[in-house]
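Down below is the structure, laid out as structure tokens.
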Amino acid sequence: MKKVNHTSKHPEFLLKSALNVSLVSVIAIAPFTVYDFYVIKNGMGFLGVIAILFCTFNAVLCFKGTYSLPLNLFATMPIMAGCSLAAINVWGVTASFWAYPAVLTCYFVLPLHLARLANIVYLAIILPFGWYNLSPDVFARFYAVLISISIFAYLTLKEIALQHAQLHRLSITDVLTGLNNRFLLSDSLENAIFINQCEKAPMSILMLDLDHFKKVNDQYGHDVGDEVLKGFAAIMKASSNSNDILFRLGGEEFLILLHSADENQAIQAAEQIRSHVQKSKLLPEGELTVSIGVCELVCNKHRKDWLKQCDANLYLAKNRGRNKVVACSQR
Ligand SMILES: Nc1nc2c(ncn2[C@@H]2O[C@H](COP(=O)(O)OP(=O)(O)OP(=O)(O)O)[C@@H](O)[C@H]2O)c(=O)[nH]1
């Protein structure tokens, strides 16, 4: 079983853009490589072949869904930058245009912080190459445009990264309570099962459902119902450890994944929440109660069976009169 990484270090964007850059580079470099061999500029031709081979390899990897940071950082990027520098050295001003796609390549094949670093290093290295091979007025324009493109690419990609992070946060968060929504539930349970198997750490889940919540809405209105849900989420947060993961499954149903908690510890945590809710003043009048199903993970259990067992315990808690905690050993 593999650990699931739901907050992937490398966004889908990088995988796709690295694939596109690699494919376009192969198509763009190939005819010039053939030409370099034709005019017996074998050194340039050889560099072109290396660039084509690495870009093809990178494209195949990306196509198969693997983004390799070492490959892009230590091969693709330096080779593309090296080709553009060598081209300026050999062909002078005619080849200076290659510097622009080389700068953009940094931002399309590397994570932003590394792209910025690679861009600065590239600008520093190309400075003497350009100065030596271009006339001063051409060099001034060439370098000014190169810096402008670098700033433009950095600001654009930074904005995309910010928006991506914001969208990701929104997609996994329940707007009303600020807890996780269902989106990450499967991955979080899979990770818990993985940790349980590797580290033998006990894992438990609590399934919580507010009692007679329909009556709360009917009696006090939907707005008060919403405030009650927010207040209940706050009680859950206050009663949880930093390692625990809290979800709103939908409506008035919630789930807590307790890391390193066996059944007894999970029952204690559930009882604490149940009694806090009962003592809380979340309702304008009368008391609010919650029923909780508890289930510790047992060896080789599938996540769906784990959830189903916990749901059955919650169902028992409701059937036994509500405001109850029921674990597997109490069935
Ligand atoms: N205020 C508010 N109500 C919600 C929200 N989502 C679901 N509900 C209400 O939650 C209520 C759930 O009712 P039921 O599923 O019958 O459950 P219950 O009344 O709590 O009864 P038991 O679970 O059997 O104790 C429904 O009236 C839904 O309209 C929400 O986001 N805000």
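Axis of helix 185-199 versus longest Cα principal axis of the chain: the two differ by about 90°, to the nearest ten degrees. Restriction of the trypsin sites (Lys or Arg not before Pro) in region 187-278 to DSSP coil positions whose beta-carbon has at most 10 other beta-carbons within 10 angstrom yields LYS200. Full extension of the segment from GLN166 to VAL39, taken as 0.36 nm per residue of separation minus the current Cα-Cα distance, would add 40.5 nm. Think of it this way: in the chain, CYS55, CYS62, CYS83, CYS106, CYS198, CYS299, CYS328 stand alone, with no other Cys Cβ under 4.7 Å. Taking Cα atoms only, the orientation of helix 42-63 departs from the longest principal axis of the chain by about 20 degrees.
Quick one: work out Rg over Rh on the C-alpha atoms of the chain, Rh as Kirkwood radius.
Rg/Rh for the chain comes to 1.21.
With +1 on each Lys and Arg Cβ and -1 on each Asp and Glu Cβ, how big is the dipole of the chain about its Cα centre, in debye rounded to the nearest 20? List each step's numbers first, then the result.
On the way: 29 positive and 25 negative charges, 81 e Å.
The dipole magnitude comes to about 400 debye.
Quick note on region 284-331: its Rg to Rh ratio, both from C-alpha atoms and Rh being the Kirkwood radius, is 1.11.
Placing pseudo-labels 7 Å out from each Cα toward the beta carbon at ALA28 and THR56 gives an inter-label distance of 1.9 nm. Based on C-alpha pairs under 8 angstrom that are at least 6 apart in sequence, region 100-246 has a relative contact order of 18 percent.
Quantify how much of the Cα-Cα distance distribution of region 1-129 extends past 24 Å, in percent. For region 1-129, the share of Cα pairs beyond 24 Å comes to 29 percent. Only protein heavy atoms count here; under a 1.4 Å probe, CYS198 has an accessible surface of about 80 Å². Per residue, region 139-294 exposes 50 Å² of solvent-accessible protein surface, assessed with a 1.4 angstrom probe and all protein chains in place. Legend: residues ARG116, ARG322, sorted from most to least accessible area (1.4 Å probe; ligands, DNA and RNA excluded), read ARG116, ARG322.
The phi-based Karplus calculation (6.51 cos²θ - 1.76 cosθ + 1.60; θ = phi - 60°) puts the 3J(HN,Hα) values of region 267-279 at 4, 4, 4, 5, 4, 4, 5, 4, 6, 4, 5, 5, 7 Hz, whole numbers, x for Gly and Pro. Once the mean of 1/r is taken over each pair of separate Cα atoms and inverted, region 174-318 shows a Kirkwood hydrodynamic radius of 15.4 Å.
The values are calculated or read from the model by the stated rules, or taken from the named source; none is laboratory data. Worth saying up front: this structure is predicted, and the values here are computed from it rather than measured. When we count neighbours, we look across all protein chains shown, and the Cβ atoms used for this are built from the backbone with ideal geometry, even at glycine. Just so you know, the surface numbers come from the protein's heavy atoms only, side chains and all, with ligands and any DNA or RNA stripped out. Shrake-Rupley method; radii C 1.70, N 1.55, O 1.52, S 1.80 Å.
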